[in-house]
Amino acid sequence: MLSHRETTLPAGVRIVTEAMPSVRSVTLGFWIGTGSRGESEAEAGLSHLLEHLLFKGTRSHTSLEIDQIFDTMGAEINAGTGRETTSLYARVLDEHLPRALSVMAEMVFAPTLDDIDAEREVILEEIAMYEDDPQEKIFDLLGETVFGHHPLGRAIIGYAPVIASTPAAGIRAFHAGRYVPANVVVAAAGAVDHDQLVAHVDSALSACGDRSAVGTPPAVVGFGLDHSAPAQRRFEAKETEQFHICLGASALSRHDPRRFGLRVLDTIFGGASSSRLFQEVRERRGLAYSVYSFAAGYADTGQIGLYVGTRPENVEAALAVVGSELARVVENPATDDELARAKENLKGRMLLALESTGARMNRLGSSVLAGEPLLSLDEIEAAIDAVSLAELAELAGELWDPARLSVVGIGPDEDRFDAAADGLGLPAVAA
């Protein structure tokens, strides 16, 4: 059973919990409605930099003291930045929840933001690391190609010149405009009492004082599903052992009722070990170690894609198989057996994931922050079971239409990439 409770404090912070009586731990998360898509060009990367700076000290605790507090608890604390959200989260024993909450609230609402220059250097090293990793960078290249100059097309990690040159006052102003109660959700799952947590959050906000003043974050630029955007082909030369190649296009938002159908389709096409791409490219022909499809949903749009990494001598053969599977998924997206297997796969994975307090907390925080309904297990299973072959055919024809698909690659030889991309059987695209 999934049973959650939700409370909104007068300051605007939303608190959502789900009790799991069989465990001793709690996963606690602060979800902030800021990410790379809410940044201007001049701010590109500040959400990610700020996430790092949350750990550098508060007005009550130094960076070392924060580490020592959570180490003493035997706890795990981490953070992450996405395109639309930033999260700070920790897993602790239930007896340590009040202490963990107090420290994390200060990290979110009252960081000192003093020790900035050292962390700039850390982020610049991280950017350099990604530049050296084509298996990571290829997805940013695809995002740039699909979304163009829209903020969704920028790498979450941002631009090195912005990280290096934004003054401390600018970073503080960025924090003040986004880390406000109305833009924060506190989520917890596990051995948690909702009313007690609400009282602890209210007390922690009061302790943070004017740093948690009521405010409204800036609006973000909309996008939407764009069927008119021309497909493109892009290549970046790099001396690598493999070609790293992605195909993709814009897709459904996370609110679209067809999102369950897309999850089923993705599972059949390339999202599982029995999927068509995995079986045809890797298992039957040995043309790649890593090959898969993926789908992501945002507030007003989404993205579909597939990735394959293969050696130069296999790239043409691998993309020829990918092209055949693209044609097949549009012509015949699923058999009855594939549809039944994908549905059971999704339901099984969901139930297994919900044994984790972390997975449940993520579901609570991300859904409430995004304004999504928190569906029951029965509702989710019913939505998956309702997906039909006809719906998959409609989705495949709309989203995986070859005329929409951009192709991007990183590797040692552009001519070889072009020859392989030509073998996909896609319509001619702008270079």
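The values are calculated or read from the model by the stated rules, or taken from the named source; none is laboratory data. What you see is a predicted model, and the numbers here were worked out from it, not measured in a lab. Neighbour counts are summed over all protein chains in view; Cβ atoms, including those assigned to glycine, are modelled from backbone coordinates with ideal geometry.
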Which residues, taken from the range 146-186, are part of a strand (DSSP E or B) and farther than 22 Å from ALA296 by Cα?
VAL184, VAL186
Of the residues LEU28, LEU49, only one is in a helix (DSSP H, G or I) and either at pLDDT 95 or above or over 22 Å from ASP140 (Cβ atoms) (or both); which?
LEU49
Being assigned to a helix (DSSP H, G or I), hydroxyl-bearing (Ser, Thr, Tyr) and within 29 Å of PHE147 (Cα to Cα), is that true of even one residue in the range 61-74?
no
Residue check: is VAL103 outside any helix (DSSP H, G or I), modelled with pLDDT of 95 or more and among the β-branched types (Val, Ile, Thr)?
no
Can you say whether THR86 is in the same structural domain as THR166 (by TED's automatic domain parsing), within 19 Å of VAL184 (Cβ to Cβ), β-branched (Val, Ile, Thr) and crowded, with 19+ Cβ neighbours inside 10 Å, as far as the supplied structure shows?
yes
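If the requirement is being in contact with a helix residue (DSSP H, G or I) (Cβ under 9 Å, 6 or more places away or on another chain) and assigned by TED's automatic domain parsing to the domain that holds ILE268, which of these qualifies: GLY409, GLY365?
GLY409
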Count of the range 296-310 residues which are aliphatic (A, V, I, L, M) and crowded, with 22+ Cβ neighbours inside 10 Å:
3
Only one of (1) within 15 Å of ILE157 (Cβ to Cβ); (2) modelled with pLDDT under 95; (3) over 17 Å from the mean Cα position of the chain (by Cα) fails for LEU124. Which number is that?
(2)
Going residue by residue through the range 411-421, is there one that turns out to be in contact with a Gly (Cβ under 6 Å, 6 or more places away or on another chain), among the aliphatic types (A, V, I, L, M), assigned to a helix (DSSP H, G or I) and surrounded by 19 or more Cβ atoms within 10 Å (Cβ to Cβ)?
no
Going through the range 312-361 in order, the residues found to be among the hydroxyl-bearing types (Ser, Thr, Tyr), outside any helix (DSSP H, G or I) and under 20 Å from PHE278 (Cβ atoms) are THR335
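Table: residues versus (1) surrounded by fewer than 18 Cβ atoms within 10 Å (Cβ to Cβ); (2) without any contact (Cβ under 8 Å) to a residue 24 or more places away in the chain; (3) outside the structural domain of SER87 (by TED's automatic domain parsing).
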position	(1), (2), (3)
MET104	no, no, no
ILE123	no, no, no
TYR130	yes, no, no
GLY148	yes, no, no
SER165	yes, yes, no
ILE171	no, no, no
Since PHE260 meets every condition but one in (1) buried (at least 22 other Cβ atoms within 10 Å of the Cβ); (2) hydrophobic (A, V, I, L, M, F, W, C); (3) not in a loop (DSSP other than H, G, I, E, B), which condition does it not meet?
(1)
Pick out the one residue from ALA182, ALA219, ALA231, ALA187 that is crowded, with 16+ Cβ neighbours inside 10 Å and modelled with pLDDT under 95.
ALA231
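Per-residue answers, yes or no, for (1) assigned by TED's automatic domain parsing to the domain that holds ALA353; (2) within 20 Å of ILE163 (Cβ to Cβ); (3) touching a Pro at 6+ places or on another chain (Cβ under 8 Å):
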| position | (1), (2), (3) |
| --- | --- |
| ILE15 | no, no, no |
| LEU53 | no, yes, yes |
| ILE69 | no, no, no |
| GLY80 | no, yes, no |
| ASP115 | no, yes, no |
Criterion (part of a loop (DSSP other than H, G, I, E, B) and among the charged types (D, E, K, R)) met by exactly one of ARG5, ARG83:
ARG83
Is it true that some residue in the range 366-378 is acidic (Asp, Glu), exposed (fewer than 13 other Cβ atoms within 10 Å of the Cβ) and under 30 Å from LEU351 (Cβ atoms)?
yes
Test: residue in the range 311-319 that is modelled with pLDDT of 95 or more, in contact with a strand residue (DSSP E or B) (Cβ under 6 Å, 6 or more places away or on another chain) and crowded, with 19+ Cβ neighbours inside 10 Å:
yes
Which number in (1) over 24 Å from GLY158 (Cβ atoms); (2) without any contact (Cβ under 8 Å) to a residue 60 or more places away in the chain marks the one condition that GLY57 misses?
(1)
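Consider ALA110 carefully, then state whether it is crowded, with 18+ Cβ neighbours inside 10 Å, in contact with a strand residue (DSSP E or B) (Cβ under 6 Å, 6 or more places away or on another chain), within 18 Å of GLY365 (Cβ to Cβ) and not polar (S, T, N, Q).
The answer is no for ALA110.
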